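Notes follow the structure.
The values are calculated or read from the model by the stated rules, or taken from the named source; none is laboratory data. Remember, it's a predicted structure, so these values are computed and weren't measured experimentally. Here the Cβ is made from the backbone with ideal geometry for all residues, glycine too, and neighbour counts use every protein chain on show.
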């Protein structure tokens with residue numbers, strides 16, 4: 001398992017890494033949400049990419065993806081992982 005594979009680490013229950021922070025450039029706030037996304041133009045349906053967001057940047061990051069017609073779903077960090085394809 002790669003240290004950069006957050007989805008696998010969360011699924012394996014491993015939380016032996018620093019506090020997850022927001023994916024917005026320059027933000028160091030703790031992550032409150034997982035933004036799971038898939039770009040159907042380049043990714044297979046089962047591939048899920050993850051960005052993390054604090055409350056302040058959730059709408060910005062989600063809007064960035066949705067404006068590019070990228071499939072998105074949002075979960076709180078404490079929610080169980082959803083490995084079903086994003087529709």
Flagged in the stretch 36-64 as modelled with pLDDT of 95 or more and surrounded by fewer than 18 Cβ atoms within 10 Å (Cβ to Cβ), in numbering order, are 55, 56, 59, 60, 63, 64
Restricting the stretch 5-35 to residues that are touching a strand residue (DSSP E or B) at 6+ places or on another chain (Cβ under 6 Å) and part of a loop (DSSP other than H, G, I, E, B), which is modelled with the lowest pLDDT? 19
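When you scan the stretch 65-85, how many residues do you find that are exposed (fewer than 12 other Cβ atoms within 10 Å of the Cβ) and touching a strand residue (DSSP E or B) at 6+ places or on another chain (Cβ under 7 Å)?
Total satisfying the criteria: 1.
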